[in-house]
Amino acid sequence: MVERSYFDWNATAPVREEARSAFAEAVAVNGNPSSVHAEGRAARRLVERAREEVAALVGARPADVFFTASGTEANMLALSPSLESAGDKRLRDRLLVSAIEHASVRVGGRFPANAVHEIPVEASGRVDLAALAAMVAESAWPLVSVMLANNETGVLQPVAEAAAIVHAAGGLLHVDAVQAAGRIGCDIGTLGADLLTLSAHKIGGVKGAGALIRRSEDIHLSDPLIRGGGQERGYRAGTENVPGIAAFGAAAAVARRHWREEAAQMAFLRDRLEAGLRAVSPDAVVFGAAAERLPNTTLFAVEGMKAETAVIAFDLEGVAVSSGAACSSGKVQPSHVLAAMGVSPALVAGAVRVSLGFSTAEADVEGFLGAWRKLANTLSRGQRGIAA
Ligand code: PLP
């Protein structure tokens with residue numbers, strides 16, 4: 001079998017062993033969590049244990065965790081004009097989202113398009129807090145969404161500072177922590193977030209489970225996206241994905257126990273990878289390098305490289321990387337994140353994302369660098385006019 005090196009953890013992480021076992025055990029439980037008989041109660045126990053584990057990962061109370069079918073759904077659920085705090089039922093007039101949010105936030109949830117405004121980012125890739133302050137000052141009753149870590153660059157956002165600005169203006173803050181969870185600390189209280197989104201498959205759970213977590217019961221969503229049987233205390237109807245939720249809980253428990261050492265190892269390997277990359281290509285640009293970043297993400301480009309060609313070349317060498325965000329299969333679109341950071345379109349077209357995870361090993365980094373040496377050689381031959 002050909003050994004491959006997987007560097008697309010920001011698209012999805014391999015399933016953790018513990019999550020695999022939890023999934024298999026849950027598949028064998030026959031009951032519906034809403035049923036009162038023993039089988040139903042057994043399924044309910046799995047869901048509630050997972051709720052405790054997911055809550056613990058972000059320092060929340062289990063009662064404030066609502067399971068969804070994805071991070072996308074949790075974002076859609078959160079971004080509603082009728083989001084209430086402390087029983088105040090006034091409709092929120094504006095949704096302010098940073099210009100680098102994931103597509104599931106940028107679409108604006110259930111706000112009308114003309115109520116959705118983009119907060120600019122600085123060249124470093126961090127949200128512009130002065131612009132945020134000016135924008136909340138112009139809003140009567142805003143909801144703001146700023147992600148904790150960007151999925152393309154890995155740049156960490158000043159969420160706690162944003163929370164202070166938003167709260168001083170009477171607004172609420174939603175934080176998409178999908179890429180940050182399990183890689184950096186994500187305590188909902190420390191962040192000052194009112195709502196937080198997680199996705200199971202980014203932390204080693206299986207695809208098809210997510211969670212929206214609220215700061216306290218002070219925050220209330222009166223218009224669920226999916227209505228019906230009243231599951232998830234009315235926030236999300238539909239019989240729970242018990243195996244997916246159980247695996248989510250198991251992955252969250254491992255992430256909570258081990259994220260610090262895993263993050264240190266990822267940062268060590270990522271730094272080696274970037275040093276190796278720069279040794280081969282001194283002109284390589286690593287986006288967001290001036291800012292604090294996730295320990296696992298490198299988004300880079302060299303002049304003259306085409307990202308799609310590079311991704312295919314890496315793949316042929318047994319290395320899985322991606323061209324920017326890869327959320328919809330085969331759809332290659334110029335990165336809105338790099339555009340918002342003011343990167344030239346020529347460089348944006350060549351941006352390749354390399355993302356590591358808890359099981360990335362030194363041999364993977366060597367595999368990447370070997371493949372890059374070949375590709376960089378081909379590129380420079382091409383630039384000198386020699387047929388590759
Ligand atoms: N938010 C961010 C920052 C993401 O990177 C992603 C997926 O890539 C999502 C949300 C969506 O999560 P899901 O795949 O669970 O819908």
Next item on the list: Identify, from the list Glu101, Glu73, the residue that is modelled with pLDDT of 95 or more, under 24 Å from Gly230 (Cβ atoms), among the charged types (D, E, K, R) and touching a strand residue (DSSP E or B) at 6+ places or on another chain (Cβ under 7 Å).
Entry: Glu73
Check: Restricting the search to segment 161-211, which residues are among the acidic types (Asp, Glu) and within 12 Å of the ligand (Cβ to nearest atom)?
Finding: Asp176
Checklist line | Single match in Ala130, Ala140 (criterion: surrounded by fewer than 24 Cβ atoms within 10 Å (Cβ to Cβ), more than 30 Å from Pro334 (Cβ to Cβ) and either free of Cβ contacts under 8 Å to residues at least 60 places away in the same chain or away from the ligand (no atom under 12 Å from the Cβ) (or both)) | finding: Ala140
Next item on the list: Could you tell me which of the residues Phe314, Phe300 is at pLDDT 95 or above, crowded, with 18+ Cβ neighbours inside 10 Å and assigned to a helix (DSSP H, G or I)?
Entry: Phe314
Next item on the list: Sort out which residues of segment 3-52 are part of a helix (DSSP H, G or I) and acidic (Asp, Glu), and write them in order of number.
Entry: Glu17, Glu18, Glu25, Glu39, Glu48, Glu52
Next item on the list: Please indicate, with yes or no, whether at least one residue in segment 47-70 is buried (at least 17 other Cβ atoms within 10 Å of the Cβ), more than 22 Å from Arg256 (Cβ to Cβ) and either aliphatic (A, V, I, L, M) or in contact with a Gly (Cβ under 8 Å, 6 or more places away or on another chain) (or both).
Entry: yes
Next item on the list: Go through the residues of segment 94-107 one by one and say whether even a single one is without any contact (Cβ under 8 Å) to a residue 40 or more places away in the chain and of a type in the set (Val, Ile, Thr).
Entry: yes
Margin query: Residues to consider are Asn150, Asn114; find the one that is within 17 Å of Met341 (Cβ to Cβ) and modelled with pLDDT of 95 or more.
Written below: Asn150
Next item on the list: State yes or no: is Glu240 crowded, with 20+ Cβ neighbours inside 10 Å and farther than 20 Å from Ser355 by Cβ?
Entry: yes
Next item on the list: Give Pro224, Pro243 a once-over and let me know the one that is within 20 Å of Ala26 (Cβ to Cβ), within 24 Å of the chain's Cα centre (by Cα) and in the same structural domain as Glu48 (by TED's automatic domain parsing).
Entry: Pro243
Item checked: Residue that is nearest to Glu217 (Cα to Cα), among those in segment 61-114 that are within 16 Å of the ligand (Cβ to nearest atom), among the aliphatic types (A, V, I, L, M) and part of a loop (DSSP other than H, G, I, E, B) -> Leu79
Checklist line | Selection within segment 243-264 - buried (at least 18 other Cβ atoms within 10 Å of the Cβ) and out of contact with any Asp or Glu (no Cβ under 6 Å at 6 or more places or on another chain) | finding: Pro243, Gly244, Ile245, Ala246, Ala247, Phe248, Ala251, Ala255, Arg256, Trp259, Glu262, Ala263
Notebook entry, point to check: Going through segment 206-218 one residue at a time, which ones are in a strand (DSSP E or B) and either surrounded by fewer than 19 Cβ atoms within 10 Å (Cβ to Cβ) or modelled with pLDDT under 95 (or both)?
Noted result: none
Checklist line | Exclusive hit being more than 16 Å from the ligand (Cβ to nearest atom), among the basic types (Lys, Arg) and farther than 22 Å from Val15 by Cβ, set Arg257, Arg214 | finding: Arg214
Next item on the list: Spot the failing condition for Ala237; the list is (1) over 21 Å from the mean Cα position of the chain (by Cα); (2) outside any loop (DSSP other than H, G, I, E, B); (3) among the aliphatic types (A, V, I, L, M), and only one is missed.
Entry: (2)
Check: With respect to Val175, is the statement that it is touching a helix residue (DSSP H, G or I) at 6+ places or on another chain (Cβ under 8 Å) and not in a strand (DSSP E or B) true?
Finding: no
Notebook entry, point to check: Which one of these does Ala289 not meet: (1) free of Cβ contacts under 8 Å to residues at least 24 places away in the same chain; (2) farther than 21 Å from Pro158 by Cβ?
Noted result: (2)
Next item on the list: With respect to Arg272, determine if the residue is assigned by TED's automatic domain parsing to the domain that holds Gly342 and either polar (S, T, N, Q) or assigned to a helix (DSSP H, G or I) (or both).
Entry: yes
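The values are calculated or read from the model by the stated rules, or taken from the named source; none is laboratory data. Not measured: the values here are computed from a predicted model. Here the Cβ is made from the backbone with ideal geometry for all residues, glycine too, and neighbour counts use every protein chain on show.
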